[in-house]
1. Can you pull a Stokes-Einstein diffusion coefficient for region 254-361 at 25 °C (0.890 mPa s), Rh from Kirkwood over Cα pairs, as a whole number of µm²/s?
2. If you average the alpha carbon positions of region 1-79 and of region 197-239, how far apart do those two centres end up, in angstrom?
3. Per residue and in cubic angstrom, what volume does the convex hull of the Cα atoms of region 269-314 have?
4. Determine which residues of region 332-361 fall in the zone a paramagnetic label at residue 326 would reach in this model, i.e. backbone nitrogen under 20 Å from the point 7 Å along Cα→Cβ.
5. Going by Cα centres, region 247-310 and region 80-141 are how many Å apart?
6. For residue 246 and residue 161 in the same chain, what is the full-extension length gain: residue separation times 0.36 nm, less their Cα-Cα distance, in nm?
7. If each Cα of region 102-143 is one equal point scatterer, what is log10 of I(q)/I(0) from the Debye formula at q = 0.22, 0.27, 0.33 Å⁻¹?
8. Using the scaling law 2.2 N^0.38 Å as the reference, what is the normalised Cα Rg of region 310-361?
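Values quoted throughout were computed directly from the atomic coordinates according to the rules given, and no laboratory measurement underlies them. The model shown is predicted, which means the values in this text are computed figures rather than measured ones. Cβ: placed from backbone, ideal geometry, glycine included. Neighbour counts: every protein chain shown.
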Ligand SMILES: Nc1ncnc2c1ncn2[C@@H]1O[C@H](COP(=O)(O)OP(=O)(O)OP(=O)(O)O)[C@@H](O)[C@H]1O
Ligand SMILES: [Mg+2]
């Protein structure tokens, strides 16, 4: 998988600019606030259909303009693919090879990418939401079935939570089993896929972490809750758990069990990372997770995803920077930094200098 060209028009601080990327390392460099992250964000938008930093597409449109446009020419194992996004204040249109797509699920998989920015520390230090988000984005890219199950699960969950707030208890108790059967069907798909993902992720992350830290401390990733058996068995078990929690759910007014509450345990040197790890340790663990994501994509799809590393180097010490460059040697990478020479150590790369939303030759 590689991205060859990226065209931005009225996107963030870009008026009109065309990027040409090479196969290996591409380095976007320049002073603060010039548009490096904005360019990385455009790539993120094209593979997830969502924005990195904000909830409303409106902010992606250059101030004073009416709409923004992103066009990427990429190549995946099936051939060339062009993805175009037209973003308006209240709507957007995305086309893949000229055909309009109606939902994000149809966007997944055309461009696979792994994104890493300093904010990714949240993956380790924040609550379970961030780790579920990581799994959801990552698994969805290689499994449209997962993405669809997730959307349906969330929709039924919303309806179930609304129902739980209803005062007509006998009506609620009559209706719950109907929702729950559906809910458990999709939950089982989610749980199973997550388990498969973590099974691949854990050993890989442990290995990258050992490499980055010279084997200093062991990184252990494991699901907080284990589900045993086939999808059908998982579904049945979950149904039982939901039934056992009717009273509690009714009292609290929301659903207290299910994959929307599950978490991953992250341990560094045997201690819970979010409570005990230093900033540097968290950063390295997050990086190990992201590099593993690259590896998992490669195993599942037979090709490397595009790796976007936003402002990562400044946060790593010298040995780790060098090691990171080694890890990504055969992956097409878009890396942003303020000073190219301070992070590259002579590595061969395509250097692109950004100044005020423009490429400076
Ligand atoms: N919708 C928009 N219209 C115009 N300019 C915008 C818009 N959104 C963001 N910007 C501008 O983009 C710039 C920030 O760009 P970006 O975050 O890419 O910087 P950067 O080069 O990554 O900087 P740093 O090195 O600090 O991370 C800011 O100057 C901001 O005002
Ligand atoms: Mg930036």
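1. Details: Rh = 16.5 Å.
Translational D for this selection: 149 µm²/s.
2. The two parts, judged by their Cα centres, are 33 Å apart.
3. Taking only Cα atoms, region 269-314 has a hull volume of 87 Å³ per residue.
4. Label zone hits: 332-333, 342-349.
5. The two parts, judged by their Cα centres, are 17 Å apart.
6. In short, 29.4 nm is gained.
7. Here log10 of I(q) over I(0) equals -0.78, -0.96, -1.12.
8. Relative to the rule-of-thumb radius for its length, region 310-361 sits at 1.16.
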